[in-house]
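**Q** Pasting a structure here, questions to come.
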Amino acid sequence: LKRARATSSCPLEPALETTFRRLLKLDMIAVLRELIRQNQCYLALKVFEEIQEYWYRPQISLYAELVSLLGSNGFLEEVELLFIKLKKEPCLEADINDFNALLEILANFNLIGLPVECFYLMKSIGCDLDIVIQDINQCFTDK
């Protein structure tokens, strides 16, 4: 994928078709996590889109990793678009730890509206907000 991205003579779509789409689900996630680790924003987003298109079951921790990658590289518009995709997910699980990580990442990038929207999203899917508020208060007292 990185080789296909680097050369203009070999577009990314055939590489995705011939190699990536043939991988097992866990291997696709491993590729995505490795691209995130290597700070490959564009490729990570393309791989995430491929995963979402075929079989993806939403994981808040994966969204948080992508938000962190994009935000640390200054792609704040993409962060907002990714959060919009998250809000549209039909079957989110109320995982407090993952949502807290996402809230903290959004707050660290000074995206004021997004943490508030994330909080309301958590409320709408049934997260225990007392725990979230305690974690937020703890975060502010530590700083």
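The values are calculated or read from the model by the stated rules, or taken from the named source; none is laboratory data. From a predicted model like this one, the values you see are computed outputs, not experimental measurements. Because the Cβ atoms are built from the backbone with ideal geometry, glycine has one as well, and the counts that use them run over all protein chains shown. These accessible areas exclude ligands, DNA and RNA; they are computed on the full protein's heavy atoms, side chains included. Shrake-Rupley method; radii C 1.70, N 1.55, O 1.52, S 1.80 Å.
**Q** Inspect all residues belonging to region 63-73 and state whether any of them is open to solvent by less than 80 Å² (accessible area, probe 1.4 Å), at pLDDT 85 or above and more than 24 Å from LEU121 (Cα to Cα).
**A** Yes, region 63-73 contains a residue that is open to solvent by less than 80 Å² (accessible area, probe 1.4 Å), at pLDDT 85 or above and more than 24 Å from LEU121 (Cα to Cα).
**Q** Run ASN97 past the list (1) in contact with a Lys or Arg (Cβ under 9 Å, 6 or more places away or on another chain); (2) modelled with pLDDT under 85; (3) not aliphatic (A, V, I, L, M) and report the number of the one that doesn't hold.
**A** Unmet condition: (1).
**Q** Out of LEU114, LEU129, LEU26, which single residue is surrounded by 13 or more Cβ atoms within 10 Å (Cβ to Cβ) and at pLDDT 80 or above?
**A** LEU114
**Q** Give the residues of region 74-93 that are open to solvent by 50 Å² or more (accessible area, probe 1.4 Å), modelled with pLDDT under 85 and not basic (Lys, Arg), sorted by residue number.
**A** Of everything in region 74-93, those that are open to solvent by 50 Å² or more (accessible area, probe 1.4 Å), modelled with pLDDT under 85 and not basic (Lys, Arg) turn out to be PRO90, CYS91, GLU93.
**Q** I would also like to ask the following. Among the numbered criteria (1) open to solvent by 20 Å² or more (accessible area, probe 1.4 Å); (2) at negative phi; (3) modelled with pLDDT of 80 or more, which single criterion is violated by LEU106?
**A** (1)
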